[in-house]
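The values are calculated or read from the model by the stated rules, or taken from the named source; none is laboratory data. Fair warning: this is a prediction, and the values are worked out from it, not measured in the lab. For neighbour counting, all protein chains shown are included, and Cβ atoms are generated from backbone atoms with ideal geometry for every residue, glycine included.
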Amino acid sequence: IIGPYGTRRLDVASISYLRWWMVDRSMELCESWVGSYLLDTKIIWFFHRLMGAKLAWSCQLDAFIREQDLVQVGDRSEITHDIVCRKFMPWNEKQATMIFHPISVGKNCVVDGFVLPGVVVGDGSKVLKLASVLEGAHIPTNTLAKGAPAIAVEDYDVDVTSGQWESLLGVVKVAWLIFD
């Protein structure tokens, strides 16, 4: 219905917006009915991969991704806050518009907070809960981002505990879902 999103600007009063809206509402319905049971499993990882997200096998998803083909997540990274690659622009005299920009998360990162479109999170960085990383920001390597708007604390070593135990927990969770 939509095809690849890509970096672009979309007018709200258009057929393209209506198509985006229809898919977005369908995704919302799927997430609220079924998706919450699949969080933090490889099934949700596989779904987002099929939808176009560039996810490393070892990353953990305990959140939903919208506009999947604009998202890239590196090895051993944890995502616990939903990722949205769109933003509505202020209305001008003619009409409202919406923009799409990619979000990139490096290796060994933890994203617990909100990241706006166009954000690049460097390797080994962490975005704390309740942090809001502004649009187009670049979080350097080994940096802690906290606050709203987020500020960076340099030379922070992130301890990402993803590994075989978390993968085993995901398998047990899926087995329980099938049993249930």
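So which residues in segment 1-47 are under 24 Å from residue 135 (Cα atoms), of a type in the set (Phe, Trp, Tyr) and in contact (Cβ under 8 Å) with a residue 12 or more places away in the chain?
5, 17, 20
Could you check segment 156-176 and list, in sequence order, the residues that are at pLDDT below 75 and either surrounded by 11 or more Cβ atoms within 10 Å (Cβ to Cβ) or touching a Ser or Thr at 6+ places or on another chain (Cβ under 8 Å) (or both)?
Hits for segment 156-176 are 156, 158, 160, 162, 163, 166, 167, 169, 170, 171.
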